[in-house]
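Right, one structure below, let's go through it.
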Amino acid sequence: MKLISPLVVTTALIALTHAAPGAVVTQWTFNSSNAALTLTPYIGAGTATYVGGTAANGTGIATGWADDTTAVAPVVNNRWTMTTFPTASNASGTAGAQFAVSTVGYEDVIVTFGLRNSNTSSKYAMLQYSTDGTNFTNFGDVITGTGDVWTSVSRDLSALTAVDNISTFAFRVVSVFAPGTSAYAAAKSTSTYAATGTYGFDLVTVSGTAIPAPGAVSLLAVAALMARRRR
């Protein structure tokens with residue numbers, strides 16, 4: 001009988017216990033071929049909803065981020081665009097977009113997206129995360145936008161083991177007051193903040209590292225031990 005090489009077993013064990021990072025769990029592109037808003041993920045499963053009183057700006061779509069290369073004709077590159085934010089000095093950290101994604105089978109979660117602020121929208125936003133889909137906690141630095149310009153945002157949640165391998169992970173991106181103040185600031189310095197300003201989202205992506213099946217790791221560990229003993 002041909003024995004498995006200890007080197008082969010060891011290599012396989014290392015590969016299992018150091019799974020490749022950055023696998024896309026869920027991704028929204030908001031692209032469509034019929035000029036209608038779609039909140040169905042392009043990859044994976046999850047839900048995207050308005051939160052805190054926001055609503056679709058017109059049809060809810062506008063020209064998407066140039067970084068989104070997934071759209072192939074007749075599919076059109078869109079962004080999800082929303083309006084109806086709180087008035088100038090009210091409800092900081094409550095209004096924007098919310099996303100729910102199961103991270104079952106994944107750890108080392110990372111969230112990335114493109115955010116486009118209109119000139120009169122809040123210049124500042126915050127990512128908040130939840131382990132139960134209901135209660136949210138601020139995470140990371142304030143997101144600082146610029147009027148009618150895309151901002152690439154990445155938040156590494158890998159240190160938060162509570163968001164690993166759960167079915168109830170959620171996050172939201174909400175407008176917040178200018179730091180150290182009790183009012184919103186407009187994204188463009190020469191504009192005045194307005195509740196009718198808009199936020200646009202594109203390429204909203206949740207990534208993670210696949211968690212190896214415990215049984216597979218155990219079997220390979222035993223195989224490695226037996227292979228060494230037979231040498």
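Details
- Among the residues here, LEU220 qualifies as more than 22 Å from MET126 (Cβ to Cβ), surrounded by 13 or more Cβ atoms within 10 Å (Cβ to Cβ) and modelled with pLDDT under 95.
- Taken over region 161-177, the criterion of being closer than 30 Å to ASN31 by Cα and not in a strand (DSSP E or B) is satisfied by VAL163, ASP164, ASN165, ILE166, SER167, THR168, PHE169, VAL176.
- Test: ALA62 is in contact with a Phe, Trp or Tyr (Cβ under 7 Å, 6 or more places away or on another chain) and surrounded by 14 or more Cβ atoms within 10 Å (Cβ to Cβ): no
- Qualifying positions in region 157-172 - in contact with a Gly (Cβ under 8 Å, 6 or more places away or on another chain) and surrounded by fewer than 16 Cβ atoms within 10 Å (Cβ to Cβ): THR168
- For region 125-171, the set of residues classified as of a type in the set (Gly, Ala, Ser) and more than 21 Å from PRO86 (Cα to Cα) consists of SER130, GLY133, GLY140, SER152, SER154, SER158, ALA159, ALA162, SER167, ALA170, listed by residue number.
- Note on region 82-149: enclosed strands (runs of 3 or more DSSP E) holding 3 or more residues that are buried (at least 19 other Cβ atoms within 10 Å of the Cβ) and either in contact with a Phe, Trp or Tyr (Cβ under 6 Å, 6 or more places away or on another chain) or at negative phi (or both) are 96-100, 106-117, 124-130.
- Among the residues of region 185-207, the ones that are more than 24 Å from the chain's Cα centre (by Cα), assigned to a loop (DSSP other than H, G, I, E, B) and over 20 Å from THR49 (Cβ atoms) come to 9 in all.
- Qualifying positions in region 16-48 - of a type outside the set (A, V, I, L, M), part of a loop (DSSP other than H, G, I, E, B) and at pLDDT 95 or above: THR29, PHE30, ASN31, THR38, THR40, PRO41, TYR42, GLY44, GLY46
- Some residue of region 115-122 being closer than 26 Å to ASP164 by Cα and at pLDDT 95 or above: yes
- Among the residues here, GLY180 qualifies as in a loop (DSSP other than H, G, I, E, B), over 25 Å from the mean Cα position of the chain (by Cα) and at pLDDT 95 or above.
- Positions within region 142-184 being without any contact (Cβ under 8 Å) to a residue 24 or more places away in the chain and under 17 Å from PHE201 (Cα atoms), in sequence order: THR144
- Set VAL101, VAL163: member being within 16 Å of the chain's Cα centre (by Cα) and under 30 Å from VAL76 (Cα atoms): VAL101
- Condition met for PHE30 (more than 19 Å from the chain's Cα centre (by Cα) and either of a type outside the set (S, T, N, Q) or more than 27 Å from ASN135 (Cα to Cα) (or both)): no
The values are calculated or read from the model by the stated rules, or taken from the named source; none is laboratory data. No experiment lies behind these values; they were computed from the predicted model shown. Positions of Cβ are backbone-derived with ideal geometry, glycine not excepted, and every protein chain shown enters the neighbour counts.
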